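These notes are about the structure you will find just below.
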Amino acid sequence: MSAEIVERVLRSPRYRDVDRALLERLADDELPRARNAADAVKRVKRRLHQAVGAFRGGARPDALAAAWSGDLTAPDFRAACADALRTHASTRERADHLEAFYAGIWAVT
């Protein structure tokens, strides 16, 4: 039954690349509490959302790769990094302050 739950969760585009061992562990944890297989899938997805959902935003690694020229200070690359940071709520609220934040760090290191 656990394998069925894992397969159903992996069919979800949002969680298709989550480690199978993690899904198996979550399915084993949630199956005894679930009313049926559909409820177990829902419970596993809820746990995944709580653990990693907030971090799985719309960041586009392809945009970062396209902007990469080998120079960390290149304006295009820095802009792509800033865009990636803005895709997640916790970094979006800090993104405008990163220059000052890191300037302070680099000043003392």
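Each residue in 97, 88 was given a count of other beta-carbon atoms within 10 angstrom of its own, and listing them fewest first yields 97, 88.
Simple rule: put +1 on each Lys or Arg Cβ and -1 on each Asp or Glu Cβ in the chain, find the dipole, and look at 77, 9, 34; the Cα lying farthest toward the positive end is 34. As a proxy for reagent exposure, ranking 18, 44, 108 by other Cβ atoms within 10 Å from fewest up yields 108, 18, 44. Phi angles across the stretch 68-84 convert, under the Karplus curve 6.51 cos²θ - 1.76 cosθ + 1.60 with θ = phi - 60°, into 3J(HN,Hα) values of 6, 10, x, 10, 5, 9, 4, x, 5, 5, 4, 5, 5, 5, 4, 4, 5 Hz, Gly and Pro given as x. Spin-label model, residue 73/residue 24: points 7 Å from Cα along the beta carbon direction are separated by 4.9 nm. Taking each DSSP H run with n ≥ 4 as -39500 (n - 2.57) and averaging over every residue of the chain yields -18500 deg cm²/dmol at 222 nm.
Please give the per residue volume of the convex hull enclosing the alpha carbon atoms of the chain, rounded to a whole number of Å³. Provide the component values of the computation, followed by the final result.
Numbers: hull volume 15.6 nm³, N = 109.
Looking at the chain, the number lands at 143 Å³ per residue.
Read-outs throughout are calculated quantities, based only on the coordinates presented, and are distinct from any laboratory measurement. For clarity, every value in this text was computed on a predicted model and none was experimentally measured. Neighbour counts are summed over all protein chains in view; Cβ atoms, including those assigned to glycine, are modelled from backbone coordinates with ideal geometry.
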